[in-house]
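Have a look at the structure below before the remarks.
The values are calculated or read from the model by the stated rules, or taken from the named source; none is laboratory data. Please read these numbers as outputs of a predicted model, since none were measured by experiment. Cβ atoms come from the backbone with ideal geometry, glycine included; neighbour counts cover every protein chain shown. Surface accessibility is based on the protein's heavy atoms, side chains included, excluding ligands, DNA and RNA. Shrake-Rupley method; radii C 1.70, N 1.55, O 1.52, S 1.80 Å.
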Amino acid sequence: MKKEYDILVIGSGLGGLVSALVLAKEGLKVCVLEKNNQYGGNLQTFSRDKLIFDTGVHYLGGLSKGQNLNRFFSYLEIMEDLELQQMDEDGYDRISFGDDAIEYPHAQGYQNFAEQLCKHFPEEKENLENYCEEIQYVCSQFPRYNVVGKDNYNEEILHLNTKRFIESVTQNTKLQSVLLGSNFLYAGDSENVPFYVHALTVNSYIQSAYKCVKGGSQISKLLIRKLRQYGAEVHKHSEVSDFVFDENNVLTSVRTKEGKEYAAKQFISNIEIRATIKLIGEERLKKSFLNRVLSWKPVSSCFSIYIVLKPHSLPNFNYNIYHYSSEEQVWNAFQYRKEAWPETYMLSSTASKHHPEFAESLTAITYMDFDEVKEWESTFNTVADEHERGEGYEKFKFEKTEKMLEALEKRIPNLRHAIKRIYTSSPLSYRDYIGNFEGNMYGYMKSSENPLKTMVSPRTKIDNLFLTGQSVNMHGILGVTIGAFNTCAEILGKDTIDRHLKKII
Ligand SMILES: Cc1cc2nc3c(=O)[nH]c(=O)nc-3n(C[C@H](O)[C@H](O)[C@H](O)COP(=O)(O)OP(=O)(O)OC[C@H]3O[C@@H](n4cnc5c(N)ncnc54)[C@H](O)[C@@H]3O)c2cc1C
């Protein structure tokens with residue numbers, strides 16, 4: 001007889017693993033299927049020259065005692081084992097523009113945030129305090145942002161626009177750009193993006209900002225260890241390729257590319273929503289739903305360079321640098337001019353194990369449209385399924401790397417002498433490793449004009465199929481975790497989830 005699970009989760013991204021663990025802790029028989037060689041989706045790391053590089057998590061917010069992510073992770077029983085390093089309290093992010101040598105800090109703690117920026121903008125004290133207050137108010141209006149409480153979205157707040165809000169806070173255009181300076185975290189569209197996206201993202205880091213020592217994959221490793229302790233099964237190299245329905249439109253099982261079939265009572269899809277639609281079959285879904293989702297625009301993808309440094313060649317810095325070619329660039333940084341690429345980048349460094357005052361590696365990321373790699377879109381390449389993309393692609397990556405280095409050298413003049421080796425990833429790497437449409441970083445663009453258009457319920461028209469993950473929720477470690485608890489609330493009931501979370505302080 002075929003084994004039947006209570007819950008089958010498709011995809012082991014953060015949303016899939018968190019949902020699986022919440023349900024396994026309830027005593028349900030859970031199984032997670034992952035297509036890749038490594039679990040975790042964007043939590044994956046890779047290792048080169050004995051160093052670990054993150055692909056999709058560089059820092060985490062809200063992890064100090066009593067803060068939201070700390071409480072969620074405590075419930076999941078992974079908090080105590082996470083190896084974390086707090087970032088510079090007086091400037092975990094630093095924003096710079098053009099040739100201006102000043103790095104404007106985003107500091108941890110609201111009072112400190114305002115105080116540190118006041119050093120550069122002394123006449124803006126009151127405006128900065130108002131900004132901090134508004135951010136906290138907007139966050140308090142979000143369901144589950146404060147772990148328990150608040151059931152519904154406040155529609156008025158969903159419609160607030162980031163550009164209009166920032167312009168209302170201060171007339172000082174430089175300060176406006178500084179406040180928006182970390183908008184790479186939501187793919188750089190400050191003109192259209194709802195203010196809640198900005199508020200939820202920056203609030204989390206202003207509360208507290210940490211790096212994962214040895215990379216973000218420790219989160220997926222800890223979640224999987226806990227899942228197994230609670231009796232769940234987790235399988236890699238298991239790409240779901242078909243959904244099997246009965247005559248009543250009930251999903252009964254899934255088949256994998258490798259030819260196995262897994263039956264379950266309920267299913268959670270943690271994969272990109274377009275891929276889920278393909279598996280369901282468009283004919284089973286309402287036209288209005290389909291048209292809505294297919295009209296969503298993916299957020300930009302990115303090009304990253306991972307630099308292995310020679311020992312003791314560059315000092316370490318315990319913060320991220322967000323650099324823009326000009327102040328104006330901040331507003332819609334993702335719309336770059338090809339001839340001037342890269343007009344912006346995020347740069348982070350990792351401390352050497354034995355000499356932490358020096359950096360052992362650097363990672364720099366910038367926007368890149370999928371169009372730039374379209375020529376090679378029919379190729380596929382991952383560690384588990386290796387295929388060369390060809391000489392043309394290697395040349396393309398080499399040229400882009402040179403341009404990135406030229407941009408970085410303006411801030412770190414001796415950089416080239418310090419480099420031992422360089423590795424790169426392009427939108428194709430993100431597409432192939434995660435399965436995201438056109439390698440998008442965070443899912444789909446949200447707009448304050450029509451905020452509900454890009455929000456979908458975790459419930460689907462198929463009664464026993466639920467959704468989770470960044471393509472249907474807020475992205476980011478906190479956003480996806482909150483989304484996963486909301487998905488489980490649909491299955492277990494909101495009261496059950498609230499009851500559990502209330503016990504965690
Ligand atoms: C460059 C970059 C930097 C980032 N930096 C940060 C940061 O510093 N801080 C932060 O909070 N967030 C950051 N994020 C965002 C964060 O990493 C993501 O929002 C989050 O990890 C997404 O989780 P998810 O649940 O949506 O799953 P995903 O990560 O999208 O994973 C989905 C999983 O499903 C699997 N899958 C796909 N198709 C199938 C199939 N058919 N069968 C089985 N499995 C399948 C995939 O292989 C993958 O493992 C960053 C993202 C990127 C891209």
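Among the conditions (1) within 15 Å of THR468 (Cβ to Cβ); (2) in contact with a Leu (Cβ under 9 Å, 6 or more places away or on another chain); (3) more than 7 Å from the ligand (Cβ to nearest atom), the only one that SER12 does not satisfy is (3). Among the candidates VAL244, VAL250, VAL213, VAL234, the residue that is under 19 Å from PHE466 (Cβ atoms) and either near the ligand (Cβ under 10 Å from one of its atoms) or surrounded by 14 or more Cβ atoms within 10 Å (Cβ to Cβ) (or both) is uniquely VAL234. Given ILE52, ILE78, ILE135, which one is β-branched (Val, Ile, Thr), out of contact with any Gly (no Cβ under 6 Å at 6 or more places or on another chain) and under 30 Å from GLU343 (Cβ atoms)? Just one listed residue meets the conditions, ILE135. Scanning region 443-469 for residues that are within 10 Å of the ligand (Cβ to nearest atom) and modelled with pLDDT under 95 returns a single hit, GLY443.
Checked against (1) within 27 Å of the chain's Cα centre (by Cα); (2) modelled with pLDDT of 95 or more; (3) closer than 20 Å to SER47 by Cα, THR366 passes all but condition (3). The combined condition, being farther than 20 Å from ALA24 by Cβ, open to solvent by 30 Å² or more (accessible area, probe 1.4 Å), among the aliphatic types (A, V, I, L, M) and in a helix (DSSP H, G or I), is fulfilled by LEU452.
When we screen LEU63, LEU21 for residues that are open to solvent by less than 10 Å² (accessible area, probe 1.4 Å), part of a loop (DSSP other than H, G, I, E, B), within 15 Å of the ligand (Cβ to nearest atom) and at negative phi, the only hit is LEU63.
Every residue, every condition in (1) assigned to a helix (DSSP H, G or I); (2) touching a residue at least 40 places away in the same chain (Cβ under 8 Å), yes or no:
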position	(1), (2)
PRO143	no, yes
ASN146	no, yes
ASN152	no, no
GLU167	yes, no
SER177	yes, yes
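Take the residues in region 31-51 that are in contact with a strand residue (DSSP E or B) (Cβ under 7 Å, 6 or more places away or on another chain) and away from the ligand (no atom under 15 Å from the Cβ), then tell me which one is farthest from GLY215 (Cα to Cα). Among those that are in contact with a strand residue (DSSP E or B) (Cβ under 7 Å, 6 or more places away or on another chain) and away from the ligand (no atom under 15 Å from the Cβ), it is ASP49.
Selection of first residues in region 278-293 that are more than 21 Å from MET445 (Cβ to Cβ) and of second residues that are in a loop (DSSP other than H, G, I, E, B) and of a type in the set (D, E, K, R), restricted to Cβ pairs under 9 Å at least 6 apart or on distinct chains, gives the following pairs, ordered by first then second residue: ILE280/LYS461; ARG284/LYS461; LEU285/LYS461; LYS286/LYS461.
Within region 84-94, if we keep just the residues that are more than 16 Å from the ligand (Cβ to nearest atom) and touching a strand residue (DSSP E or B) at 6+ places or on another chain (Cβ under 8 Å), the residue that is most open to solvent (accessible area, probe 1.4 Å) turns out to be ASP90. When region 455-493 is limited to residues that are of a type in the set (Ser, Thr, Tyr) and open to solvent by less than 30 Å² (accessible area, probe 1.4 Å), the one that is nearest to PHE73 (Cα to Cα) turns out to be THR481. On the given criteria, is LEU28 at pLDDT below 95, away from the ligand (no atom under 16 Å from the Cβ) and crowded, with 18+ Cβ neighbours inside 10 Å? Judged against the criteria, LEU28 is not a match. Looking at (1) away from the ligand (no atom under 16 Å from the Cβ); (2) of a type in the set (Val, Ile, Thr); (3) closer than 25 Å to THR344 by Cβ; (4) open to solvent by less than 40 Å² (accessible area, probe 1.4 Å), which one does THR496 not meet, given that it meets all the others? Checking THR496 against (1) away from the ligand (no atom under 16 Å from the Cβ); (2) of a type in the set (Val, Ile, Thr); (3) closer than 25 Å to THR344 by Cβ; (4) open to solvent by less than 40 Å² (accessible area, probe 1.4 Å), the one that fails is (3).
How many residues, within region 263-292, are of a type outside the set (D, E, K, R) and away from the ligand (no atom under 11 Å from the Cβ)? Please lay out each step first, then the result.
In the first step, residues of region 263-292 are kept if they are of a type outside the set (D, E, K, R); the result is 263-264, 266-271, 273, 275-277, 279-281, 285, 288-291.
Next cut, away from the ligand (no atom under 11 Å from the Cβ) only: 263-264, 266-267, 277, 280-281, 285, 288-291.
The number of residues fulfilling the criteria is 12.
Tell me, yes or no, whether region 381-389 has at least one residue that is at pLDDT 95 or above and touching a His at 6+ places or on another chain (Cβ under 7 Å). Looking through region 381-389, none of the residues is at pLDDT 95 or above and touching a His at 6+ places or on another chain (Cβ under 7 Å). Taking the listed residues SER47, SER74, SER140, the one that is closer than 30 Å to TYR433 by Cβ, surrounded by fewer than 20 Cβ atoms within 10 Å (Cβ to Cβ), of a type outside the set (Val, Ile, Thr) and at pLDDT below 95 is SER47, with no other qualifying. The requirement of being out of contact with any Lys or Arg (no Cβ under 8 Å at 6 or more places or on another chain), surrounded by fewer than 16 Cβ atoms within 10 Å (Cβ to Cβ) and not in a loop (DSSP other than H, G, I, E, B) is fulfilled nowhere in region 434-444; no residue meets it.
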